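The values are calculated or read from the model by the stated rules, or taken from the named source; none is laboratory data. No experiment lies behind these values; they were computed from the predicted model shown. Methodologically, a virtual Cβ is constructed for each residue, glycine included, from the backbone with ideal geometry; neighbour enumeration extends over all protein chains shown. Each accessible area value is taken on the protein alone, full model and side chains, heavy atoms only, with ligands, DNA and RNA left out. Shrake-Rupley method; radii C 1.70, N 1.55, O 1.52, S 1.80 Å.
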Amino acid sequence: MSTFFGIDLGTSHCALATANDRGEPKLAPITQRVTASGVAEKDLLPSAIYLPAQGEQTPLPWESERFLTGVFARERGALQPDRLITSAKSWLCHPHADPRSPLLPWGSATVEEKWSPLEVTRQLLLHALEGSRQAQPDLELDPKCGVITVPASFDESARTLTLEAARLAGLGEEITLLEEPQAAFYAWLERHGNDWRTQVSPGDLLLVCDVGGGTADFSLIAVSGRDGSLALERVAVGEHLLLGGDNMDLALAHGVSDALAASGTELDDWQFLALVQAARSAKETLLRDRSLEEVSLAIPTRGRGLVASTIRASLSREQVETFVLEGFFPQTAPDDLPTLRRSGGLREAGLPYAPDAAISRHLARFLSRAHLNAASSPQLLEAIGGAERLERSPLLLPDAILFNGGVFNAPVLRARVMELLSGWAGRPVRELEGAQPDHAVALGAAAYARLRSTGEGVRIRAGTARSYYIGMESAAMAVPGRRPATKALCVAPQGMEEGARHAIEGEEFFLYTGEATEFRFFSSEVRSGDEPGTLLPNTAGLEESARLETTLPPLEGRPPGEEVPVRMEALVSELGNLELYLVHQPTGQRWKLELNVRME
Amino acid sequence: MALLNAAVLFYPDPSAQLGVTALSGLTGLGLLVASLRGGETKAPVSVPAPAVAAQEAPAPARGEAEVVAFLALLQEKGRLVDFVQEEISGASDEQVGAAARVIHDGCRKVINEYFEIAPIRTEAEGTPLQLGEGYDAGAHRLIGSVPDRPPYRGRLVHPGWETRSVKLPRVHGADAEGGRRWPVIAPVEVEIN
């Protein structure tokens, strides 16, 4: 019997789930270090790597001396931010950093040997695999039956890097990627069996609203009726948003700490961390139990005296509602869009955290961009049931929501999002019942791994989430002091499915070989109407997703520096990653352009 | 298996049922904590000849190391050892109450993480109860005037606790840590400037 498996490679945690021939996905425990010398099995592996000082820890038999993983690594590292690597995943899609260069721990002055985000990702995958084998020695994981999830907001180069990390972790060439919101949706489908058809009907548009610890990720899935059965199509994905439940806990902790400071009690770093933990559980209690008005918090000191020096504080319902509900889920108008830049002129390098904490406004932006995207393509218009939906509102509003992510364990937050969307839509928006906010991504990935291998069951039609463009120098007369404008040529349209291939017919381009040449790649998630060969006059409104400086070998038997006429071909491999080729037709020689390099 | 070792240390009858031994593991911890409070006279090490060097002492049972590692978790998350070692007679109830929140919150998390604890009986306290022939004597303690043999009629005073699973962390490399017999309960903390 084959074991199908899915790995949720999360920003804050990783999880691995397995499924059998009938589906029935379940989480596989991961053996990991939980204390300085203790090892135990846990369902989640923190996505954290701790770099110990020399001789600080004795490595366990399977560990390296250089680093530690597991619950212990995260807890040990919490007080040693200089030695702790977290959020490596967000660095994989950082717009201005090279994920292959040693950057992490970001800003650390004490660590001599830094790690690249790619290497961190590889080690986390290795540990998830090794840890689950330690916990279940008879577990056989064949990469052909495996799926790794990535955010829907990951662009092609972040996806390619994830695949590369998987390859370096020994997962071979055959592991597949799946977008996280889709995985959450597969978990929901799997859980409901054939019953899911009673919760949705043809013409419905479903929003997957996934707010995790550190990131928020949105997708829209359209339900259509085809030949008497229901079909699903993913019609929009959101942008990468570094905003999540951790921001809420931090906001609450700062509120309590400010109040303590006002009354003369200052907290040290360790106490503040303890306060964040305490605020998190108090928040969960207050959001769960509406009869409580206040929860007491106790913040111990680091020294031995627990009774003598524990600091008392409290968190009230009003504070939680002000900070969490009004701060993160305010009832905003549909045309109230997020502030995208901070007010300061300079931003510290590092991760581009969302400057606006209001998830409501980010949701409005996502739905308005989804509207733009749907309006640009006849195929998407058909998927969402025609233009009528677009005329109702400048936002592409859903009929139902599937919640995912730990934040939505709180009914009051789910209710707020539904209230918000119902208000925007002017009609009630339903919740899809039976979500499993904490584990759905891994479970859904394992379920999808089975569907993919066996060909059974309903699959979401998705394809590439973005259209991709290559920058072309325009043919223009030289003007001193002006660089010719960069035009953008669409090489891969949105929605290309596995195995699809497109060639740009009828046009030839010139390629410089034998000397260093720069290629610029752009993408967009809102231009589904563009076809391969569509030439945009400039790159405004596109995101620059990769820059590649490379020297392509000259044609055989020809001198370097020659301009070679080529045709472009794009194809999506069976594993779902995009590959670009330049083909010299007379000789058939091909150059592959890697989309996975990102440079400042 | 680790959980058996840990439990057997403190349970008089190693042949008892698994569920019961696992439960006694918890009681054992209570005993251990009590012995720490009692000071050095009850220290579990007893080496008759003082001339014997430390490294020649018999290797401690792995079970001991694992119980100490679990105590270390209760200290790390719930500050349990700090609390029982602290002199609290002069502290106000309010101060003790605040400390109790830290202990309650932390120890509860640890215990729920490594044990699956449930009451043995589901009836409410005070419910009349009848125990017939073959009742689970290992899981019931009869108090009051108890006849020689069942059936017994009485009133439920405490519904009992049992654990349905034990997932104690396994200790690795304990002998490598500076030649210590057991893992430390809480390391010395030094802030480097």
B:R141 passes all but one of the listed conditions (1) of a type in the set (K, R); (2) touching a residue at least 12 places away in the same chain (Cβ under 8 Å); (3) exposed (fewer than 15 other Cβ atoms within 10 Å of the Cβ); the exception is number (2)
Of the candidates A:A259, A:A183, the one satisfying the condition of being outside any loop (DSSP other than H, G, I, E, B), in contact (Cβ under 8 Å) with a residue 24 or more places away in the chain and either among the acidic types (D, E) or buried (at least 16 other Cβ atoms within 10 Å of the Cβ) (or both) is A:A183
(request) Assess whether A:A251 counts as being assigned to a helix (DSSP H, G or I) and more than 14 Å from chain B (Cβ to nearest Cβ). (result) yes
The strands (runs of 3 or more DSSP E) lying wholly within the stretch A:492-549 that contain at least 2 residues that are open to solvent by less than 40 Å² (accessible area, probe 1.4 Å) are A:509-512, A:516-524
Checking B:E189, B:E123, B:E94 in turn, the sole residue that is outside any loop (DSSP other than H, G, I, E, B) and either open to solvent by 50 Å² or more (accessible area, probe 1.4 Å) or within 14 Å of chain A (Cβ to nearest Cβ) (or both) turns out to be B:E94
The residue that is most open to solvent (accessible area, probe 1.4 Å), considering only those in the stretch A:39-55 that are farther than 24 Å from A:W106 by Cβ and without any contact (Cβ under 8 Å) to a residue 12 or more places away in the chain, is A:G55
Filter the stretch A:300-319 for residues that are over 30 Å from B:Q75 (Cβ atoms) and of a type outside the set (S, T, Y); the one that is farthest from the other protein chains (Cβ to nearest Cβ) is A:E318
- Tell me, please, whether a residue that is in contact with a helix residue (DSSP H, G or I) (Cβ under 6 Å, 6 or more places away or on another chain) and part of a helix (DSSP H, G or I) can be found in the stretch A:422-434. no
Original post:
Based on what the data block shows, is A:S296 out of contact with any strand residue (DSSP E or B) (no Cβ under 7 Å at 6 or more places or on another chain) and open to solvent by 40 Å² or more (accessible area, probe 1.4 Å)?
Top reply: no
- Item | Condition check for A:G327: closer than 29 Å to A:F366 by Cα, more than 10 Å from chain B (Cβ to nearest Cβ) and touching a Gly at 6+ places or on another chain (Cβ under 8 Å) | no
Contact list, first residue from the stretch B:146-172 and part of a loop (DSSP other than H, G, I, E, B), second anywhere and open to solvent by less than 80 Å² (accessible area, probe 1.4 Å) and acidic (D, E), beta-carbon distance below 9 Å, six or more apart or interchain, is B:L156/B:E123; B:P159/B:E123; B:K167/A:E41; B:K167/B:E113; B:L168/B:E66; B:P169/B:E66
Evaluate the following for B:G106: is it more than 10 Å from every other protein chain (Cβ to nearest Cβ), surrounded by 12 or more Cβ atoms within 10 Å (Cβ to Cβ) and of a type outside the set (A, V, I, L, M, F, W, C)? no
Item to complete: Could you please let me know if A:D249 is open to solvent by 40 Å² or more (accessible area, probe 1.4 Å) and in contact (Cβ under 8 Å) with a residue 24 or more places away in the chain?
Response: no
**Message:** Going residue by residue through the stretch A:554-574, is there one that turns out to be in contact with a helix residue (DSSP H, G or I) (Cβ under 6 Å, 6 or more places away or on another chain) and either among the aliphatic types (A, V, I, L, M) or closer than 30 Å to A:A449 by Cα (or both)?
**Reply:** no
Inset, instruction - Evaluate the following for A:L451: is it aliphatic (A, V, I, L, M) and within 23 Å of the chain's Cα centre (by Cα)? - result: yes
When restricted to A:E473, A:E456, the only residue among the charged types (D, E, K, R) and free of Cβ contacts under 8 Å to residues at least 12 places away in the same chain is A:E456
Residue pairs qualifying under the 7 Å Cβ cut-off, at least six apart or on distinct chains, with the first in the stretch A:94-123 being of a type in the set (F, W, Y) and the second being modelled with pLDDT under 85, are A:W106/A:G350
Just checking, does the stretch A:71-93 include any residue being part of a loop (DSSP other than H, G, I, E, B), without any contact (Cβ under 8 Å) to a residue 24 or more places away in the chain and out of contact with any Cys (no Cβ under 8 Å at 6 or more places or on another chain)?
no
Among A:V71, A:V39, the single one that is touching a Ser or Thr at 6+ places or on another chain (Cβ under 9 Å) and either in the same structural domain as A:G406 (by TED's automatic domain parsing) or over 25 Å from A:T149 (Cβ atoms) (or both) is A:V39
Here the residues within the stretch A:136-158 that are in contact (Cβ under 8 Å) with a residue 60 or more places away in the chain and open to solvent by 30 Å² or more (accessible area, probe 1.4 Å) are A:Q136, A:E140, A:D142, A:K144
Exactly one of A:P352, A:P330, A:P334 is open to solvent by less than 60 Å² (accessible area, probe 1.4 Å), more than 29 Å from A:G529 (Cα to Cα) and at pLDDT 90 or above, and that residue is A:P330
